[in-house]
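The values are calculated or read from the model by the stated rules, or taken from the named source; none is laboratory data. As the structure is a computational prediction, the values presented were derived from the model and not from experiment. When we count neighbours, we look across all protein chains shown, and the Cβ atoms used for this are built from the backbone with ideal geometry, even at glycine. Remember, those area values only see protein heavy atoms, side chains included, never the ligands or the DNA or RNA. Shrake-Rupley method; radii C 1.70, N 1.55, O 1.52, S 1.80 Å.
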Amino acid sequence: MTPEQRHKNMAAIKSKNTKPELIVRRWLWKSGFRYRLNSPRLPGHPDLVLRKYRTCIFVNGCFWHGHTGCYKIPKTNQEFWQKKIKRNQERDRAEQQQLAQMGWHCITIWECELSASRREQTLKSLAFTLNKIFLDDHCVKRPYQLPEQEPAIAAEDMASQPSNDITT
């Protein structure tokens with residue numbers, strides 16, 4: 001490919017409403033999870049924000065975010081791509097740290113995890129994780145113990161006292 005063709009191809013790749021993101025969105029909605037898209041109020045504009053679960057979901061492409069073992073650097077202009085992917089990884093890490101400091105949970109779903117053979121397992125794992133986060137955040141942190149109360153009628157106290165029954 002000529003540099004112009006490569007530029008045109010790379011520029012045509014969109015960042016929102018990608019196929020992996022749509023797969024996750026459709027499954028979450030069908031499963032009853034409600035979310036917001038690309039929240040501008042949060043660092044990194046997460047792909048999906050589930051406020052009820054205080055969770056941000058990032059659906060990352062393996063190439064653009066440098067998923068270990070899944071991406072290959074193009075043979076042309078390798079120095080540029082290495083720097084770009086490294087910057088993307090550093091930015092992702094910083095944004096997730098900011099979100100964690102704000103009290104948000106971050107989940108990253110990689111494009112390769114949504115292949116047909118792994119999709120069901122990945123999405124079930126996502127639902128399990130979201131439910132665990134919800135329960136951990138909303139349950140009582142320390143075990144609740146009932147205060148010891150004196151019984152309203154103490155049978156033992158009555159048995160030890162002499163009977164005042166009148167018998168004839």
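Numerical summary
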{"read-out": "Looking only at segment 47-105, and only at residues there that are at pLDDT below 90 and on the phi > 0 side of the Ramachandran plot, the one that is nearest to the chain's Cα centre (by Cα)", "value": "66"}
{"read-out": "Failed criterion for residue 71 (all others in (1) closer than 25 Å to residue 9 by Cβ; (2) in contact with a strand residue (DSSP E or B) (Cβ under 6 Å, 6 or more places away or on another chain) hold)", "value": "(2)"}
{"read-out": "In segment 84-114, the residues that are in contact (Cβ under 8 Å) with a residue 60 or more places away in the chain and farther than 29 Å from residue 138 by Cβ", "value": "111"}
{"read-out": "Candidates 19, 52, 75, filtered to the one that is under 23 Å from residue 124 (Cβ atoms), free of Cβ contacts under 8 Å to residues at least 40 places away in the same chain and open to solvent by 20 Å² or more (accessible area, probe 1.4 Å)", "value": "19"}
{"read-out": "Residues being within 24 Å of residue 95 (Cα to Cα) and either exposed (fewer than 12 other Cβ atoms within 10 Å of the Cβ) or in contact (Cβ under 8 Å) with a residue 60 or more places away in the chain (or both) - total across segment 29-45", "value": "5"}
{"read-out": "Selection count where residues are part of a loop (DSSP other than H, G, I, E, B), at pLDDT 65 or above and basic (Lys, Arg), scope segment 109-168", "value": "1"}
